[in-house]
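Visitor: Dropping a structure here in C-alpha cells format, bear with me for questions.
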C-alpha cells in the first residue's frame, strides 16, 4: 500500500479503499493489464471483491485522471498508471504485448493535425502496431 496512492485518491475526491489501493498497485506492477488481470490482482491482494466493484473503481480512477485507459483495436481495454505525458504505445500483433514509447516528435500533443477543424487538440492517442522481439525470435527458430 502506497501513501502516495492514498494521497492521490484523496486529492481526486475519491474514498480510500483497500480495493482501490490494490487496483492502483496491480495496474502499476502489471504491463497494461486488462480488467480480468486487474481483478485477479485485487483478489490476490485483498481477497473478496466483486468484478463489478473492480469495473466501477477502474472507471472512477480513470475519470479522476489517476489511471489511463487504452483500447487497442481487437483488444479489451487496458490500464496504466503512467499519465499526463501523452506517451504512445507499441502493440504486438501476435501476442498482444503493449509497450510504452515516448512521444513521437515535438511537444505534446505530438501530432498536430493539418487541419484542426476548429478543435482545441489536447491529446493524441497513437498506437504503433508490429511484432515484438519475443514473437519475432519464435518465428526465426
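Visitor: With the structure loaded, tell me whether residue 63 is exposed (fewer than 14 other Cβ atoms within 10 Å of the Cβ) and under 23 Å from residue 100 (Cβ atoms) or whether it fails that test.
Guide: Working: exposed (fewer than 14 other Cβ atoms within 10 Å of the Cβ): yes; under 23 Å from residue 100 (Cβ atoms): yes.
When the stated conditions are applied, residue 63 passes them.
Visitor: Look through region 41-52, keep the residues that are in contact (Cβ under 8 Å) with a residue 12 or more places away in the chain and within 18 Å of residue 69 (Cα to Cα), and return whichever of them is surrounded by the most Cβ atoms within 10 Å (Cβ to Cβ).
Guide: 42
Visitor: Scan region 8-39 for residues that are touching a residue at least 12 places away in the same chain (Cβ under 8 Å) and in a helix (DSSP H, G or I) and report the count.
Guide: Qualifying residue count, region 8-39: 18.
Visitor: Of all residues in region 96-118 being closer than 25 Å to residue 62 by Cβ and modelled with pLDDT of 80 or more, which is surrounded by the fewest Cβ atoms within 10 Å (Cβ to Cβ)? Before the answer, list the steps.
Guide: Going through region 96-118, the residues closer than 25 Å to residue 62 by Cβ turn out to be 96-104, 107-111, 113.
With the extra rule that they be modelled with pLDDT of 80 or more, the set shrinks to 96-102.
Values: 96: 16, 97: 16, 98: 20, 99: 15, 100: 13, 101: 12, 102: 9.
The qualifying residue surrounded by the fewest Cβ atoms within 10 Å (Cβ to Cβ) is 102.
The values are calculated or read from the model by the stated rules, or taken from the named source; none is laboratory data. All values derive from a computational prediction rather than experimental measurement. Counting neighbours? That spans all protein chains shown, and the Cβs are built from the backbone with ideal geometry, glycine included.
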